[in-house]
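**Student:** One structure follows; several queries about it will come next.
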Amino acid sequence: MTTDIRRSATEELAADMPSGFRPDIEGLRAVAVLVVLLYHAHLGPTGGGFLGVDVFFVLSGYLITSLLMKDLLRDGARALPQFWARRARRLLPASLALVIVTLVVARYTLDPLKQVDVGHDAMWASAFIINIKFAMGDSYAAAQTTPTPLLHFWSLAVEEQFYMIWPFLVYALTRVKWRTRGYALFIMGALGVQSLLAFVWFSPWAHTPVFFLLPTRAWELIAGAMLAVAGTKIVAVIPWRTRAIAAWVGLIAIGYCVVTYNDTANLGYTALVPVLATVAVVAASNARQQVGPARLLGAKPMVWIGNRSYGIYLWHWPALVLMDAKFGPLSAPARIGILLGAVGAAALSYRFLENPVRHSDWLSRLPARSLALGGSAVVVGLLVGTLMVHFPRSFASDAGDAAAPTLPGQSGATDTTLTQVPPTTLPGVSTTVPASTSTLAPTIAVTPIAELLAAQRTALDEAANIVKVPKNANPPVASAKADKAGVYRDGCVLKEGDANLKSCVYGDPAGGVKVALFGDSHAAQWFPALELLAQDRHWRLEVFVKSGCPSADVRIKKSYLDPECVQWRTNVTARVAELQPDLLVMASTEYDPGGSDVGQDSDSVWRRGLADTLTAMRPSAKQLLIIGDTPLPAHQVPNCLTAFPTNVHYCGAEKAKAVNSSRIALERELAGQFDGHHVDTTNWMCGTSFCPVIEGNIVMWRDNNHVSATMSAFLTPFLAATIVPLLS
């Protein structure tokens, strides 16, 4: 008797699961994909267009859980392979086609170094774990600055990972004998709350992993899943007028978020708005269509776009990235044309690939066939990605070796090889970094700065005429991006989520002269030269560097990072007060105003912020040196050199465009006001009118704004001529 009751209750619950085609959901999918397209194409006021992915997550959780729970209640564990088989047929053939086409087009539109990067991304994307790769790297906003055409696969990876894990939980919940719905809602709610709290709690400290990883994104999918489990009966308890009004409010709220949010913010609890708004729109399923937004969303054009939203999402981003790489910067009409082309490609994919595979009788007859198809798609994606990694377009030139450049007082190219000695424990600091000793000759000559500048100008004017990448380029162009200062290797360049100082002491830890290096990555780029000097002269060199945080106390556009920067500067100020260095060396790149400084003149903001920093820190240091920011190249230098190995001049920049003269003058003035010194690095990197990217055989830049470690070490005589007199 009990079994009959349980069976009838189970059957009743299965029948109450939402089912059937929902035109309004297809229309909501259309809204989600359209705002993503506009955001990625920088069209209209859509700074929060990335939230279209959040809408997709809610819809996926709702639809997948509706189908899955109904099948599991009816068929038990036998429904699991059927579910995964359907997912494989629906998602993997189209994603594989996109990966292959992207790699083929990238072969002709991207430089060889980017081809290798895209090959690696293709391997991660094919295995649907590329979100993990991105979580270990730059933020979503930063990733779009130097984009990969497969960046958008992060959200597909999150969903695929959800599809692999979620069915086991749903199956376990359907095995509950009594009150299945209640237990399911309780367990799902508990998991969703934990995920949401992790999203809110960790966002200020680990914004990038929080953005990309499933554990902190699962709550959005679970929100849709809980609505599905609530079923039609529970939803119907709410009066239809209330649901209709809530749906309109939800649709308007989504639009509001798209216009007002931006990808540099720490969304925190405000991310609930688009998620709950989507839930409200979906929950209005039984509201009268003439009152709710279902009639608008269910219009034929919206349904047509919604049906093809997966393909549109797949094709639009690679098209934008690859065409911009080849022909950019693209005009607004060109970007619109590319989006329309992506819609056309999606329509073809939907008609001739996605639907035939999805509805194949032969494949659907046995789940093993579909799963084998999916596994084959993953393997093929891995193989084509591997081919791109190992066989990029050749970028070798027929140039011979070039002579290593020298400066007055140097006998040859600077040797930056360092050997490690046992760690030195420092009083009052918990973390230690090994000190290092140099294999160089014991003395670095101090040459008059005027003599160095005259010799360097001649060398750089000659470098402007270099045509081909030398065979003995140092560092090799293919590995120039990795030519970073040693502080990166030692973990002394703090990343997002870390404002606590580490013991980063170099040179002679017991040295009587104490030098502190403070700033962002543009301070870190001078570390190779400073370390050589510290070793040579037995200085104690202590490093305080955080990526993305200016030395000036200004607000930055990454609002989630700004509080970290404030705390970090506070910590550095306290440590410098304790250290009482003989010399404080500061350097930083320029930042566009953010937060309360938005709309103000950037130089005025920087003047105020730098003055605040100097007011706090200058009394603690005997001497102050501000190193002016380097001129900026016009290109990603290693990539440009591989794309134009026989036209090196193209990769350089006109001096007038590369130098921010107003910022240099501002910092020079402030240095004087605070009884400090300023050094202009413009003529260290630029000749009379042109800023080359190769000097002799040295590749001067590792990207589009950081000096290579090799070049930094080569410029040691300039820092010696500047610093040694200050400490004499």
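**Student:** In region 674-699, which residue that is touching a residue at least 60 places away in the same chain (Cβ under 8 Å) and over 27 Å from PRO405 (Cα atoms) is surrounded by the fewest Cβ atoms within 10 Å (Cβ to Cβ)?
**Tutor:** Across region 674-699, the extreme among qualifying residues is PHE674.
**Student:** Still on this model: Can you tell me which condition ILE694 does not meet? The list is (1) within 30 Å of PRO112 (Cβ to Cβ); (2) in contact with a strand residue (DSSP E or B) (Cβ under 8 Å, 6 or more places away or on another chain); (3) among the hydrophobic types (A, V, I, L, M, F, W, C), and all the others hold.
**Tutor:** (2)
**Student:** Can you list the helices (runs of 4 or more DSSP H) found entirely within region 115-232 that contain at least 3 residues being out of contact with any His (no Cβ under 9 Å at 6 or more places or on another chain) and of a type in the set (Gly, Ala, Ser)?
**Tutor:** Counting at least 3 such residues, we get 140-145, 153-174, 180-202.
**Student:** Quick one: would you say VAL357 is crowded, with 17+ Cβ neighbours inside 10 Å and over 16 Å from LEU96 (Cβ atoms)?
**Tutor:** No: the conditions fail for VAL357.
**Student:** Can you list residue pairs whose Cβ atoms sit under 8 Å apart, with the first residue in region 326-342 being under 20 Å from TYR108 (Cα atoms) and the second being outside any helix (DSSP H, G or I) and of a type in the set (S, T, N, Q)? Count only pairs 6 or more apart in sequence or on different chains.
**Tutor:** none
**Student:** In this structure, is ALA280 within 21 Å of TYR62 (Cα to Cα), of a type outside the set (S, T, N, Q) and surrounded by 15 or more Cβ atoms within 10 Å (Cβ to Cβ)?
**Tutor:** yes
**Student:** Would you check if there is a residue in region 562-578 being in contact with a helix residue (DSSP H, G or I) (Cβ under 7 Å, 6 or more places away or on another chain), modelled with pLDDT under 95 and of a type outside the set (A, V, I, L, M)?
**Tutor:** Scanning region 562-578 turns up at least one residue that is in contact with a helix residue (DSSP H, G or I) (Cβ under 7 Å, 6 or more places away or on another chain), modelled with pLDDT under 95 and of a type outside the set (A, V, I, L, M).
**Student:** Show the residue pairs meeting these rules: Cβ distance below 8 Å; 6+ apart or different chains; first residue within region 188-208 and touching a residue at least 24 places away in the same chain (Cβ under 8 Å); second residue surrounded by fewer than 18 Cβ atoms within 10 Å (Cβ to Cβ) and of a type in the set (D, E, K, R).
**Tutor:** TRP205/ASP498; THR208/ASP138
**Student:** VAL170 fails exactly one of the following numbered conditions: (1) closer than 30 Å to TYR269 by Cβ; (2) surrounded by fewer than 20 Cβ atoms within 10 Å (Cβ to Cβ); (3) in contact (Cβ under 8 Å) with a residue 24 or more places away in the chain. What is the number of that condition?
**Tutor:** (2)
**Student:** I've got another one for you. Given region 475-557, what helices (runs of 4 or more DSSP H) lie entirely inside it while holding 2 or more residues that are in contact with a Leu (Cβ under 6 Å, 6 or more places away or on another chain)?
**Tutor:** 527-537
**Student:** Next question. Scan region 329-342 residue by residue and report those that are surrounded by fewer than 19 Cβ atoms within 10 Å (Cβ to Cβ), in contact with a helix residue (DSSP H, G or I) (Cβ under 8 Å, 6 or more places away or on another chain) and assigned to a helix (DSSP H, G or I).
**Tutor:** Within region 329-342, ALA334, GLY341 qualify.
**Student:** Follow-up. Kindly provide the set of residues from region 663-711 that are farther than 29 Å from LYS622 by Cβ and charged (D, E, K, R), ordered by number.
**Tutor:** Residues satisfying the conditions are GLU695, ARG702, ASP703.
**Student:** If you don't mind, there's one more thing I want to ask. I'd like to know if region 46-62 contains one or more residues that are surrounded by fewer than 20 Cβ atoms within 10 Å (Cβ to Cβ), under 30 Å from VAL259 (Cα atoms) and in the same structural domain as PHE153 (by TED's automatic domain parsing).
**Tutor:** Checked region 46-62: at least one residue is surrounded by fewer than 20 Cβ atoms within 10 Å (Cβ to Cβ), under 30 Å from VAL259 (Cα atoms) and in the same structural domain as PHE153 (by TED's automatic domain parsing).
**Student:** Sort out which residues of region 603-619 are surrounded by fewer than 17 Cβ atoms within 10 Å (Cβ to Cβ) and under 19 Å from LYS558 (Cα atoms), and write them in order of number.
**Tutor:** ASP603
**Student:** Is one or more of the residues making up region 375-382 of a type outside the set (Ser, Thr, Tyr), outside the structural domain of LYS114 (by TED's automatic domain parsing) and surrounded by fewer than 14 Cβ atoms within 10 Å (Cβ to Cβ)?
**Tutor:** No, because not a single residue in region 375-382 is of a type outside the set (Ser, Thr, Tyr), outside the structural domain of LYS114 (by TED's automatic domain parsing) and surrounded by fewer than 14 Cβ atoms within 10 Å (Cβ to Cβ).
**Student:** OK, next. Quick one: which helices (runs of 4 or more DSSP H) lie wholly within region 575-674 and hold at least 2 residues that are more than 27 Å from the chain's Cα centre (by Cα) and under 30 Å from LEU113 (Cβ atoms)?
**Tutor:** The qualifying helices (runs of 4 or more DSSP H) are 655-658.
**Student:** Given the options ALA122, ALA141, ALA97, name the one that is of a type in the set (Gly, Ala, Ser), modelled with pLDDT of 95 or more and more than 30 Å from ARG365 (Cβ to Cβ).
**Tutor:** Of ALA122, ALA141, ALA97, the one residue that is of a type in the set (Gly, Ala, Ser), modelled with pLDDT of 95 or more and more than 30 Å from ARG365 (Cβ to Cβ) is ALA122.
**Student:** Contact list please: Cβ distance under 6 Å, first residue in region 651-671 and among the aliphatic types (A, V, I, L, M), second residue in a loop (DSSP other than H, G, I, E, B) and surrounded by 13 or more Cβ atoms within 10 Å (Cβ to Cβ), pairs at least six apart or on different chains.
**Tutor:** These pairs meet every condition: ALA653/PRO633; ALA653/ALA634; ALA658/PRO631; ALA658/LEU632; VAL659/PRO631; ILE664/GLY628; ILE664/ASP680.
Residue-by-condition table, conditions (1) touching an Asp or Glu at 6+ places or on another chain (Cβ under 8 Å); (2) crowded, with 21+ Cβ neighbours inside 10 Å:
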| position | (1), (2) |
| --- | --- |
| ALA247 | no, yes |
| VAL273 | no, no |
| VAL291 | no, no |
| LEU297 | yes, yes |
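The values are calculated or read from the model by the stated rules, or taken from the named source; none is laboratory data. Bear in mind the structure is a predicted one, so any value in this text is a computation, not a measurement. Because the Cβ atoms are built from the backbone with ideal geometry, glycine has one as well, and the counts that use them run over all protein chains shown.
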